[in-house]
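*Asks:* Just passing along the structure, written as structure tokens.
The values are calculated or read from the model by the stated rules, or taken from the named source; none is laboratory data. From a predicted model like this one, the values you see are computed outputs, not experimental measurements. When we count neighbours, we look across all protein chains shown, and the Cβ atoms used for this are built from the backbone with ideal geometry, even at glycine.
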Amino acid sequence: MDVRRRPGAAAADRPTKSRPAAAAAAAPAAAPGDLVLRAPNLRVVLAAMALFLAPFSYLAFVHYPLAADLRRSILICGAISLGGFFVVLRLIPVAARYLLRRGMFGKDINKKGLPMGEITVPESLGIVVGIVYLVIAILFQHFNFTADSIWLVEYNAALASVCFMILLGFIDDVLDIPWRVKLLLPTIAALPLLMAYAGGTSIIIPKPLASYVGVEVLELGWMYKLFMLLLAVFCTNSINIHAGLNGLEVGQTVVISAAVLIHNVMRIGSSKDLETQQAHAFSIYLVLPFLTTSLALLGFNW
């Protein structure tokens with residue numbers, strides 16, 4: 001004879017089924033202060049790398065008959081720079097956790113798909129790019145410069161300026177320096193390069209303006225170093241003013257770096273003067289690792 005049971009008892013006897021959707025809904029959500037660092041958008045970054053480096057590679061290794069030793073130096077610099085790209089990709093998540101632990105973060109209000117103003121994102125990640133860049137540039141000296149190289153002094157002076165700028169930029173992030181002081185920081189950082197500079201002091205007048213100036217090449221003399229100093233102040237602050245906008249600060253850095261590389265290789269290919277070729281090769285050695293390491297940072301901004 002069947003026994004009629006109460007609904008509650010019958011339900012208790014039935015085996016309970018797992019409800020993953022309900023369990024997931026009941027699971028505690030990530031706290032607003034938790035670190036949310038998406039994986040780098042490698043597909044977009046690698047496409048950007050191919051887009052920016054393809055014209056430079058074509059001009060350097062196909063279009064222009066560059067010297068074999070110059071091509072070798074560019075290849076070595078490119079190989080080390082590519083290694084730096086992957087090192088930055090690996091170190092950024094590590095540095096992000098330490099920066100968040102020290103309270104160096106902001107609130108993300110721009111990234112699509114995240115709660116606006118509730119997600120903390122680490123700041124000062126540019127220090128990872130800067131340190132890796134310096135290591136690459138220092139290691140490259142072993143393969144390209146000799147102890148009596150005439151470019152070694154200026155190369156090390158350029159690295160000293162970069163090191164100064166990294167230090168001052170990190171100090172700015174820590175101390176929140178006012179803008180009136182920020183204008184002076186690039187002046188201090190540019191001093192090693194200005195004091196060691198021994199190159200030409202003339203500038204090429206743009207062709208549309210040459211007829212008004214009267215000359216195609218204008219000799220500035222001592223004013224050239226003043227021009228370099230003001231240019232350093234302008235360039236650094238024009239980039240820094242876009243900090244906080246996802247991908248814009250490092251994005252324009254990548255575009256400018258690629259344009260500088262293409263300009264340098266075109267000047268090398270079109271000039272027969274050895275000193276001019278060496279000067280533009282000097283620029284390539286400094287800009288190429290800067291482009292690859294910046295691309296790695298860009299991957300976390302898109």
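*Asks:* Here is a check on your reading of the model: is LEU168 surrounded by fewer than 17 Cβ atoms within 10 Å (Cβ to Cβ), assigned to a helix (DSSP H, G or I), out of contact with any strand residue (DSSP E or B) (no Cβ under 9 Å at 6 or more places or on another chain) and among the hydrophobic types (A, V, I, L, M, F, W, C)?
*Replies:* no
*Asks:* Determine whether region 115-128 contains at least one residue that is crowded, with 18+ Cβ neighbours inside 10 Å, more than 18 Å from ASP172 (Cα to Cα), under 15 Å from the mean Cα position of the chain (by Cα) and modelled with pLDDT of 85 or more.
*Replies:* no
Residues are listed down the side, and each one gets a yes or a no for (1) at pLDDT 85 or above; (2) aliphatic (A, V, I, L, M); (3) part of a helix (DSSP H, G or I); (4) in contact with a Phe, Trp or Tyr (Cβ under 8 Å, 6 or more places away or on another chain):
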site	(1), (2), (3), (4)
PHE227	yes, no, yes, no
PHE234	yes, no, yes, no
ILE239	no, yes, yes, no
GLU249	no, no, yes, no
GLY269	yes, no, yes, yes
GLN277	yes, no, yes, no
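*Asks:* Here's something else I'd like to know. Regarding region 116-124, can at least one residue be identified that is free of Cβ contacts under 8 Å to residues at least 40 places away in the same chain, over 30 Å from GLN278 (Cβ atoms) and not basic (Lys, Arg)?
*Replies:* Yes.
*Asks:* Evaluate the following for ALA258: is it closer than 25 Å to PHE290 by Cα, of a type in the set (Gly, Ala, Ser), in contact (Cβ under 8 Å) with a residue 24 or more places away in the chain and out of contact with any Leu (no Cβ under 9 Å at 6 or more places or on another chain)?
*Replies:* no
*Asks:* If you check every pair at least six apart or on different chains, which have Cβ atoms under 6 Å apart with a residue in region 225-242 that is hydroxyl-bearing (Ser, Thr, Tyr) first and a residue that is surrounded by 15 or more Cβ atoms within 10 Å (Cβ to Cβ) second?
*Replies:* Taking only residues 6 or more apart or on different chains, the pairs are THR236/PRO186.
*Asks:* Do we have any residue at all in region 200-208 that's part of a helix (DSSP H, G or I), buried (at least 16 other Cβ atoms within 10 Å of the Cβ) and out of contact with any Leu (no Cβ under 9 Å at 6 or more places or on another chain)?
*Replies:* For region 200-208, residues part of a helix (DSSP H, G or I), buried (at least 16 other Cβ atoms within 10 Å of the Cβ) and out of contact with any Leu (no Cβ under 9 Å at 6 or more places or on another chain): absent.
*Asks:* Return the residue satisfying two criteria in turn: it lies in region 211-225 and is at pLDDT 85 or above and outside any loop (DSSP other than H, G, I, E, B), and of such residues it is surrounded by the most Cβ atoms within 10 Å (Cβ to Cβ).
*Replies:* TYR224
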